Amino acid sequence: MNQEPDGLTRAIALMEEALDLLVDPEDGVVAMRLSHALDLARERQNAKHR
């Protein structure tokens, strides 16, 4: 049975992909905020799996 990832897992994967694309120095603020959101999402995911 093929199980789709939950919403949080999918969101983390998408944020990781987006962060890899933000290489322009002018996108620094966006990258920093996205990185922070990604950290929060990972913390939330870790808390769910404890």
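The values are calculated or read from the model by the stated rules, or taken from the named source; none is laboratory data. All values reported here derive from a predicted model rather than from experimental measurement. Counting neighbours? That spans all protein chains shown, and the Cβs are built from the backbone with ideal geometry, glycine included. We work out accessible area using only protein heavy atoms, side chains counted, and drop any ligands, DNA or RNA first. Shrake-Rupley method; radii C 1.70, N 1.55, O 1.52, S 1.80 Å.
Please give the net charge around H49, taking every other residue with its beta carbon less than 14 angstrom from that of H49, where Lys and Arg add +1 and Asp and Glu add -1.
Values: positive: R42, R44, K48, R50; negative: D6, E43.
For residues surrounding H49, the net value is +2.
Here the calculated FRET efficiency for R33 and R10, from their Cβ-Cβ distance with R0 = 25 Å, stands at 0.80, rounded to the nearest 0.05. Looking at the chain, the accessible area is 87 square angstrom per residue; that uses a 1.4 Å probe and ignores ligands, DNA and RNA.
Counting only protein heavy atoms and a 1.4 Å probe, tell me what percentage of the chain's accessible area is made up of carbon and sulfur.
Values: 2310 of 4340 Å².
Here it works out to 53 percent.
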